[in-house]
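Structure first, commentary second.
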Amino acid sequence: MIRLSRKSLTALALVTGLGLAGAAVAAVNARAVIEAREANFKTIGKSMKAINDGLRADAPDMAAIAGNAATIRGLAPKISTWFPKGTGPESGVKTEARAEIWTDAAGFAAAARRLEPEAAKLEALARAGDVAGARAQVRMVGGSCKGCHDKFKVD
Amino acid sequence: MSETPTPVWDGPTRLFHWSLVVLVLVAWLSAGEQMTIHRGAGYALVGLLAFRLWWGLAGGSTARFAGFVRGPGAIRKYLQASREGAADEHAGHNPLGALSVLALLGLVGLQAGLGLFAIDEDGFEGGPLSDRIDFDLARQIAEWHELSFRALQGLVVLHLVAIAYYAVRKRQDLVRPMITGVRRFRAPVQGLVRAPLWRLVVGVLIALAAGFAASRGFRLG
């Protein structure tokens with residue numbers, strides 16, 4: 001049997017403790033990151049719904065639609081920063097993010113980048129009061145959501 | 001086994017049955033992908049269900065709820081007799097099958113009803129009434145829409161298992177009569193009493209109206 005000195009036992013306990021604490025902190029961080037990005041995506045979803053609901057009217061409130069489009073346009077360029085390493089399925093925290101976000105990081109960034117220009121176009125059309133144009137453009141915005149989700153998000 | 005073929009299901013009931021099969025399949029396959037088709041299948045299903053409710057009140061004798069929906073006592077008796085091989089053969093749903101019919105109709109109705117309010121995660125594709133509720137509730141309803149579809153799938157599997165059971169254990173083909181409308185019985189039984197044509201016309205009008213109303217989210221302004 002290996003005999004360990006009191007000192008080395010203490011050191012071992014400290015290292016183990018630190019390791020466990022580190023893992024716990026990482027888990028907490030992953031959870032916080034995942035919750036924050038889910039809240040952000042929900043904001044985008046809510047804005048999208050408000051735009052769609054608004055465009056159903058005969059005379060839509062285009063200022064409100066432009067405002068919601070601006071919300072999406074503002075969040076869109078940040079999307080790829082919401083996925084730091086360690087916040088995927090391997091984190092042990094429940095997430096619909098697929099591992100492909102990290103294994104195909106370039107593909108993910110490209111898919112995520114599609115949203116901002118589409119949202120900006122929608123915002124401009126809404127500001128110009130172009131109802132028909134906005135109705136057509138909202139499909140492009142929705143398509144960019146779906147395009148990324150199909151590849152990088154669990155159903 | 002020589003008996004004359006007896007009519008058991010009228011044409012509208014058979015057409016309803018197979019339309020239901022096709023539309024549920026279309027709705028399933030298009031879900032999440034081809035949402036315009038998915039919504040269309042949903043509206044058609046609302047119309048189809050409205051037709052079936054009318055036909056259950058005014059259709060041919062074997063389609064009428066009053067004729068085949070039975071209480072727990074009758075179901076127990078049927079199961080008992082069935083186990084002893086003494087269940088009466090008759091044209092139409094048996095007391096246990098009646099439950100399956102009600103459950104399937106109810107679940108398809110629930111499924112379509114939830115779909116009217118559901119929205120996808122992008123806040124982009126939604127039912128015609130999703131604009132009446134907020135995003136969170138519409139997402140919750142979309143989850144229920146998925147759950148109730150799992151339940152519907154379960155019921156369909158049970159339905160198919162029952163058909164296989166009748167075919168293998170009871171040597172009774174339930175599929176062919178749902179196609180041809182006729183079935184051969186060992187002993188003479190009271191067959192189907194058909195409904196007059198005008199009732200079919202009324203039923204089709206009800207179906208069209210219900211499907212159209214659903215597509216507008218029942219807002220007819």
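The values are calculated or read from the model by the stated rules, or taken from the named source; none is laboratory data. Note that the structure is a prediction, hence the values are computed from the model and not measured. Virtual Cβ from ideal backbone geometry, glycine too; neighbours counted across all protein chains shown.
Numerical summary
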{"read-out": "Every pair of residues 6+ apart whose Cβ atoms lie under 9 Å, when the first sits in the range B:114-126 and is facing chain A (nearest Cβ under 8 Å) while the second is in a strand (DSSP E or B) and surrounded by fewer than 21 Cβ atoms within 10 Å (Cβ to Cβ)", "value": "B:Glu121/A:Lys153"}
{"read-out": "Identity of the residue in the range B:64-88, surrounded by fewer than 12 Cβ atoms within 10 Å (Cβ to Cβ) and closer than 25 Å to B:Leu53 by Cα, that ends up nearest to the chain's Cα centre (by Cα)", "value": "B:Ala66"}
{"read-out": "Among (1) buried (at least 16 other Cβ atoms within 10 Å of the Cβ); (2) without any contact (Cβ under 8 Å) to a residue 12 or more places away in the chain, the one test that A:Glu90 misses", "value": "(1)"}
{"read-out": "Helices (runs of 4 or more DSSP H) contained in the range A:59-155 and holding at least 3 residues more than 27 Å from A:Ala32 (Cβ to Cβ) and away from every other protein chain (no Cβ under 14 Å)", "value": "A:62-75, A:115-127, A:131-152"}
{"read-out": "Residue pairs meeting the criteria (Cβ under 7 Å; at least 6 apart or on separate chains; first of a type in the set (Ser, Thr, Tyr), in the range B:205-216; second in a helix (DSSP H, G or I))", "value": "B:Ser215/B:Tyr43"}
{"read-out": "Residue that is closer than 29 Å to B:Glu3 by Cα and in contact with a Pro (Cβ under 9 Å, 6 or more places away or on another chain), where the choices are B:Ala98, B:Ala91, B:Ala66, B:Ala81", "value": "B:Ala91"}
{"read-out": "Test: residue in the range B:8-22 that is of a type in the set (Phe, Trp, Tyr), assigned to a helix (DSSP H, G or I), modelled with pLDDT of 95 or more and loosely packed, with under 14 Cβ neighbours inside 10 Å", "value": "yes"}
{"read-out": "Meets criteria (crowded, with 20+ Cβ neighbours inside 10 Å, at pLDDT below 95 and away from chain A (no Cβ under 14 Å)) for B:Arg171", "value": "no"}
{"read-out": "Residue list for the range A:29-51, restricted to those being within 14 Å of another protein chain (Cβ to nearest Cβ) and among the hydrophobic types (A, V, I, L, M, F, W, C)", "value": "A:Ala39, A:Phe41, A:Ile44, A:Met48, A:Ala50, A:Ile51"}
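Residue by residue, here is whether (1) basic (Lys, Arg); (2) buried (at least 17 other Cβ atoms within 10 Å of the Cβ); (3) assigned to a loop (DSSP other than H, G, I, E, B) holds:
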{"position": "B:Leu48", "(1), (2), (3)": "no, yes, no"}
{"position": "B:Thr62", "(1), (2), (3)": "no, yes, no"}
{"position": "B:His90", "(1), (2), (3)": "no, no, yes"}
{"position": "B:Gly106", "(1), (2), (3)": "no, no, no"}
